[in-house]
Structure formats: structure tokens, C-alpha cells
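> Sharing a structure with you now.
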Amino acid sequence: EQCRGGFVAYKADGSLTIFGATETDLYTMDNSSFAWTKVSKAGGPYPAISSTDQWVMRQFNNLVIAVQANVPPQVFNIVTSSEFEDLDGSPPQARYVDIVGRFVVLSGLLSNPYRVQWSGLNDVDGPDSWTSGINSSDFQDLPDGGICRGVAGGETGIILQDQSIRRMTFVPGSPIIFQIERIAQDKGLFGPYSLVRAGERIFFFSAQGFHRIDPGGYPTPIGRERIDRTVFNDLDKSNLQLFIGAADPRNTRVFWAYKSVNGDTGRFDKVLCYDWVLDRFAPIKVSGEYLLPMSQPGITLEGLGTLFASIDDMTTESLDDFPTSVTPELAAFSTGHALGFFRGANLEATLNTAEQGTDARRLKVRGFRPVTDASILYGSVSRRDTQQAVPIFTAESLINAVTGKCNMVASTRYCRGRVRIPAGTNWTYIAGIEPDFVLEGKR
């Protein structure tokens, strides 16, 4: 069935447990056979999750806590459990869960969507774990700012509402438990699952566009006059459960998958990448059901026997593709409900330069030299004589293997360069182009 949530939990011995969720059930994956086993409470099924929600899971010590609004919070001990069960202490039903310090924090509560509630200190699964006033367990009603759409955890928590953002800071020994202060007004979370915590940084999409929050800082726009209007107009706002953010564990990048207005039902069809060191965005065209950081289970040579009858039957290129240790990376559930990594051949890449030109003189374009290690590449340039005209691109020119240049001829006042690297081409960088342009009328 369609994936409605996924998570990986890490054990003390370095091994891991992978979880997946459907509309009505929870599963774990066998690390040797890659088969899925149902681990729903009492064999399931659960009441169906809302069409606009996803299962959310977090790890606290050896416990994995899974929530959706229509069932009590579920808990699974990755060392001893064979199936999920209700989290002890009668916590409220909630849409979202995260870890702040040594507390489990629930938000999007079914009974009171304006409240956040937290467990006892380092105690989440006991008869008194969620009793207010015992072991620092408590709750806070938020008087304004709208519904609480999620909490980004860490040493301090960031509460994101419809129109307000607050910081919650643990105060040891104080009866208030958490000091909660507003850090942004008239700015909140648009799309609950677009919230991403990448190390000490937090990224999210509000009605005003993409933002980041640095440690101890305040929301800073990162997509203004760059990508915000494009994404907001392209986003299917009736399917925000498919607007899913995830951090790349291996790079300084975060990714947002989303369903466009023209996308297929039940799947995202576009992904936006942001590198916070380069401060650059890039769009990716790929489809799937759920995006998440994941680790491949370690497999021994003996364990490969359960996957393939012989070495000749292996679908991977090398035995090195089966690590014996945990290696986190970005993953997704495909449109065929299969979990996999982004390890295939390169997709086709298209890159455009900024437009150059002047009304004073026309330009004669003779081509350009791409600065890249791609051996196969096609180049073209756009042309138009006024800013009001629609740019028209020349026919593509294959890069010359001897000169490294894409040759073409065009006469224009304004132009931009475009390169297209075909799918499957091996390449690692492209830094720009060296233009061969001269003022028209000169040789």
C-alpha cells in the first residue's frame, strides 16, 4: 500500500530497525530479506489515518514512539518488542511528536490543538509519565497564534503555529518547567511536514516562503525573490501531507518533496534542494510517496545468500554496495511502495546562466565553453531584442571533444546560456561557461 510514514531507529550495538507505515498499519523490515512484517498493536488494523496526515515517529532511548491523531500514541521497544502497544500513562492523541532535551513533546493534539504537552523528565512510558505535576510532566496552552502545527526538537524546542513561532527552553528546578517565549509574530508553518531539523538548524515553509532558524536565532527568509512564489503557485495546497522535508545526512542540504497541482494522486512529483552553505536552490524532477533520511542495514557476505542465488544474480555493481556498518543517507519510498536510496545513474541536468545584454548594442554569439568534467553536453543560447519579448533558444550544439566548446551563431540584444547534460552521463561539477560573445559589427 501507499507509504504514509517511515523511520529508522538505531540500537546500542550499531544495528538498526526500519519502520514503515500505511493508512492503517505499522511495519518493520527484516534486515536480511528486506521483507516487511506487520507490527501493529494486536495485529491491527488501526483506525485509518486522515487523508491529509502522515504517521510521525521519533526515537527516545530504545523506544520508538509513533503518532497519528486517530489512535493513542504507540510505542515499540527496539530491543524487546514484537509489536506496538499504547504508550503508558494515557498521553493525549496527537498528530506530531518530537524530542526536546530529555522530554517527549506532543503537539497537534486531537483534544486541544492549541496545546503542547510533554512527558516526565526522561520518563515517557510509565503510569505517571504523562501526569501533570509529576517528574516535570506538564502542558502549555498557547493563547494566540493559531493551531500548533509542530515542534522542532533539540536542546531547546521551537513551536510552530499557524501565525506564531515560540521557543521553549528547559529551566531545571523551576516550577514552570519550560520557559516559552515568542520569537516571531504573523509567521508560522504552512505544511506541517515541511518542517526539517538539520543538525542545529531548522528549516520550514511558511505562507511567506522558505525560512531557516539558526541556534538561538530568529526566522530568516532564504527563498524571497528566488523560489517562494514559484513553489507557492505550483504547490497542491490540498495535499500538504505530501509536502515533506528531509535533511541529507551526508551533505549540507535539505530537500522538500511536494505534489504539484498537476501531479498524480498520492505521490509527490517534484523535489526542491537547498544547500545552506552555498545558499543555493535547485529543482529535481522525481516522484515518490515519502521522503526521509535512512540507513541501509549492514549485511554480511553470508547474509547475501538470502537475497541472491549467486553472484551472477546480483543486481548491484559491487559487493561494496552492501556495507557492514550504518551509513545514513537520503532515501524515499517509490511510487511502487518500495524503499530505496538515490544511487542510480545521474538524472538529466539542465542549467541556465543569468541573462546578459544591453539595449545599446547587439551581441554576436559564437558559442561558449562549459567549465565542467562532463564528457557529453549540449549547449544553446536564448535570444530576444526586448525585455518584453519571449526568449527563443537556438538549436542545441554538442560539445566539441577537441576544443571543449559548444559552437553556435546568434544575433541578439539579450541572451543566456543553457547546458543540458544527458541522463546517465558521469560528471561531478559544472562551474559555469566561458562565453564567446562580441559586439555586433566587429570581427
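The values are calculated or read from the model by the stated rules, or taken from the named source; none is laboratory data. Bear in mind the structure is a predicted one, so any value in this text is a computation, not a measurement. Glycine gets a Cβ as well: all are built from the backbone with ideal geometry, and neighbour counts include every protein chain shown. When the accessible area is computed, the model is the full protein with side chains, heavy atoms only, and any ligands, DNA or RNA have been set aside. Shrake-Rupley method; radii C 1.70, N 1.55, O 1.52, S 1.80 Å.
> Which of the residues spanning region 33-79 are modelled with pLDDT of 95 or more and at positive phi?
Scanning region 33-79 gives Ala42, Gly43, Asn61.
> How many residues does region 77-105 hold that are within 17 Å of Thr24 (Cβ to Cβ) and open to solvent by less than 10 Å² (accessible area, probe 1.4 Å)? Can you show your working first?
Looking only at region 77-105, we keep the residues that are within 17 Å of Thr24 (Cβ to Cβ), and these are 83-86, 93, 95.
From what's left, open to solvent by less than 10 Å² (accessible area, probe 1.4 Å): 84.
Qualifying residue count for the region: 1.
> Could we say that Val124 is over 24 Å from the mean Cα position of the chain (by Cα), over 23 Å from Tyr193 (Cβ atoms) and touching a residue at least 40 places away in the same chain (Cβ under 8 Å) here?
Details: over 24 Å from the mean Cα position of the chain (by Cα): yes; over 23 Å from Tyr193 (Cβ atoms): no; touching a residue at least 40 places away in the same chain (Cβ under 8 Å): yes.
Criteria not met by Val124.
> Here's a check for you: in region 407-443, which residue that is of a type in the set (Ser, Thr, Tyr) and more than 34 Å from the chain's Cα centre (by Cα) is surrounded by the most Cβ atoms within 10 Å (Cβ to Cβ)? Give the derivation first.
At the first step, the residues of region 407-443 found to be of a type in the set (Ser, Thr, Tyr) are 411-412, 414, 425, 428-429.
This time we only want the ones that are more than 34 Å from the chain's Cα centre (by Cα), so: 411-412, 414.
Values: Ser411: 12, Thr412: 21, Tyr414: 19.
Looking at residues that are of a type in the set (Ser, Thr, Tyr) and more than 34 Å from the chain's Cα centre (by Cα), I get Thr412.
> Given the criteria charged (D, E, K, R), in contact (Cβ under 8 Å) with a residue 24 or more places away in the chain and in the same structural domain as Val56 (by the TED database), does Arg95 qualify?
On the way: charged (D, E, K, R): yes; in contact (Cβ under 8 Å) with a residue 24 or more places away in the chain: yes; in the same structural domain as Val56 (by the TED database): yes.
When the stated conditions are applied, Arg95 passes them.
Residues are listed down the side, and each one gets a yes or a no for (1) under 18 Å from the mean Cα position of the chain (by Cα); (2) over 24 Å from Leu330 (Cα atoms); (3) open to solvent by 20 Å² or more (accessible area, probe 1.4 Å); (4) touching a residue at least 40 places away in the same chain (Cβ under 8 Å):
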{"residue": "Gly5", "(1), (2), (3), (4)": "yes, no, no, yes"}
{"residue": "Ala9", "(1), (2), (3), (4)": "yes, no, no, yes"}
{"residue": "Ile18", "(1), (2), (3), (4)": "yes, no, no, yes"}
{"residue": "Trp36", "(1), (2), (3), (4)": "no, no, yes, no"}
{"residue": "Pro45", "(1), (2), (3), (4)": "no, yes, yes, no"}
{"residue": "Ile49", "(1), (2), (3), (4)": "no, yes, no, yes"}
{"residue": "Leu63", "(1), (2), (3), (4)": "no, no, yes, yes"}
{"residue": "Ala69", "(1), (2), (3), (4)": "no, yes, no, yes"}
{"residue": "Gln74", "(1), (2), (3), (4)": "no, yes, no, yes"}
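> If you don't mind, there's one more thing I want to ask. Yes or no: Phe341 open to solvent by less than 60 Å² (accessible area, probe 1.4 Å) and either out of contact with any helix residue (DSSP H, G or I) (no Cβ under 8 Å at 6 or more places or on another chain) or not assigned by the TED database to the domain that holds Arg418 (or both)? It would help to see each step written out before you state the result.
Details: open to solvent by less than 60 Å² (accessible area, probe 1.4 Å): yes; either out of contact with any helix residue (DSSP H, G or I) (no Cβ under 8 Å at 6 or more places or on another chain) or not assigned by the TED database to the domain that holds Arg418 (or both): yes.
The answer is yes for Phe341.
> Continuing with this model, one more query. Considering only region 205-224, I want to know if a residue exists there that is open to solvent by 30 Å² or more (accessible area, probe 1.4 Å), among the β-branched types (Val, Ile, Thr) and without any contact (Cβ under 8 Å) to a residue 24 or more places away in the chain. Steps first, please.
Initial filter on region 205-224 (open to solvent by 30 Å² or more (accessible area, probe 1.4 Å)): 207-208, 212, 214-216, 218, 220-221, 224.
So of that shortlist, the ones also among the β-branched types (Val, Ile, Thr) come out as 220.
Within this subset, residues satisfying the condition of being without any contact (Cβ under 8 Å) to a residue 24 or more places away in the chain are 220.
Yes, region 205-224 has at least one match.
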